[in-house]
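Below is one structure. I have some questions about it.
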Amino acid sequence: MREISRPRKRKHIAVDVEEVEVRSKYFKKDDKTVDLSKENKINKDVQNYDEVNINWIKTLKPIEYFGWIESKTCDDPRTWGRPITKEEMINDSGAEIPESFLPIYNRVRLMRSKVNTPVDAMGCSMIPVLVSNKCGIPREKIDPRNFRLQFLIGTMLSAQTRDERMAQAALNITEYCLNTLKIAEGITLDGLLKIDEPILANLIRCVSFYTRKANFIKRTAQLLVENFDSDIPYDIEGILSLPGVGPKMGYLTLQKGWGLIAGICVDVHVHRLCKMWNWVDPIKCKTAEHTRKELQVWLPHSLWYEINTVLVGFGQLICMARGKRCDLCLANDICNARNLKLIKSSKFHQLEHRGDIAKVYSHWLDTLTNGITTERHKKK
Ligand code: SF4
C-alpha cells in the first residue's frame, strides 16, 4: 500500500551565512591580487584623500576624534526612520538608479530603526569601545591610535565569523594585555608584538581560521611598525597590503578609522541582498567585489557607509540566507523575492532569531490597525 505523504515538520535552524555561503579563497593565499588599477572612474572623485586631513586627525583628542568619526559614519538606528526622498538620490555619475531601490530601501531602513541586531550590539564598529568598557576603560580614555588598531584587529577577526564570537576573541586579547602583559590601555601595537603567536591563537580560538588569523595579526603588527609609522594605513592600497585584509574590511577600516568613505563595504549580506533585489546584476556579480563596483556606479555617495550597517542587520535578523521572515517584513508587499506561503502562514514569534524583533512586530501590527499599509495587508 502506498504511503500517504505527509508534510515534513522541519525545525528551523539558525544558519551562519558567513560559514555557509563563503568558502574563503583569500585565506588560501597570502598575496593581495586585488586589481585596483581597474577601479572605475567614479571612485576617482571620492578617493580624494585631501578631503580628509590625516595629520589633523592624528592630533585629535579622544572626544574630538570620536565626534569626527561619528559625524562621517553615523550608526544611530533612530536616524533611519525618516524615509529618503527622490531628491536626495543624487549620484555624480548620472547612472540610472534601480526603480525598486528607494521603496525597498526605505522600508528596510524603517525596520532597522526598530530592531536590535547583532551588528548593532557587537559589530566591528562597536568592538573597541564595547570591549574597553567591559574591561573598565571608558571611551574618553581610549587613545585614537589604539582605537584604530583595535578596530583593524576586530575586522581581521570577523572574517567568516559571527559578531558574537569575534567580540569574545577581542575581549580575550584585551584581558591578556591587561592582566598578563600589564598594558593599561588593552590592545596596543606593543602588546600585539609581545604576545607569542601560539598564545594569540589560543586566545582567539572561538573564531574561524584562528591559527591563520593569529599569524596575520602578528605580521600586521610588524608591518604597521615598519611601514606605517605604528598606525593603520590611510589609503586602500596600504590597507590591502596587510595580510588577511580584503577590500570589505579595508574600506570599513578607512571609514571607521579615518572617516574616509572611499568605497562601500560589501559583505555577504550586502552582496546577497543586492543581487536578490536586482540592484546589481545577479549573474555578473559573482563576488562581493563585483557587487561593490557595480553599486558604486549608481549609489549616492551619502549612502556608501550606511548601506552596509542597514543591510547587514537586516540580513542577520529578518532576511536571512535561510529562514527569511517574509511574514513580518515590511517590504513584503513589493519585494520580488517574497515567500507568499510564509506571509500567509504568519508564524511571527514561532521561529528562532538572533535579536530583538519585538518592535518590528508591534510596528507591523500598528500599521495594520491604523490602516497605513498596503491593500494586501488590509485584506488580511
Ligand atoms: S525576501 Fe522576504 S524577508 Fe527578504 S526582503 Fe523580501 S519579503 Fe522581506
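What follows draws every value from the coordinates through simple rules; no lab data is involved. Keep in mind that what you see is a predicted model, and the values were worked out from it rather than measured. Don't worry about glycine lacking a Cβ; one is built from the backbone with ideal geometry, like all the others, and counts go over all protein chains shown.
Please give the length that would be gained between Ala337 and Lys61 if that part of the chain were fully extended, namely 0.36 nm times their separation in residues minus their C-alpha to C-alpha distance (nm, one decimal).
94.6 nm
As a quick test, which of the pairs Lys134/Lys182; Lys141/Lys194; Lys114/Lys284; Lys141/Lys182; Lys134/Lys218 have an alpha carbon distance above 26 angstrom in this structure?
Too far apart for the 26 Å limit: Lys114/Lys284.
May I ask you to list the trypsin sites (Lys or Arg not before Pro) in region 110-210 that are in a DSSP loop and have at most 15 other Cβ atoms within 10 Å of their Cβ?
Lys182, Arg205
Can you give me the Kirkwood hydrodynamic radius for region 98-194, using every pair of distinct Cα atoms, in Å to one decimal? Could you put the intermediate results ahead of the total?
Values: mean 1/r = 0.0682 Å⁻¹.
Taking every pair of different Cα atoms in region 98-194, averaging 1/r and inverting gives 14.7 Å.
Over 20 Å apart: what share of the alpha carbon pairs of region 201-333 falls there, rounded to a whole percent?
Every Cα pair in region 201-333 considered, those over 20 Å come to 55 percent.
Between Asp281 and Ser230, what is the spin-label point distance in nm, taking each point 7 Å from the Cα along the Cα→C-beta axis?
So the two model labels end up 4.9 nm from each other.
For a quick check: with amide H placed at 1.01 Å from N, whose amide H comes under 5 Å from Asn116's, ignoring anything fewer than 5 positions away on the same chain?
The answer is Asp356.
On average, how much area does the Cα convex hull of region 124-273 cover when viewed from any direction, in nm²?
Hull-based average projected area comes out at 8.2 nm².
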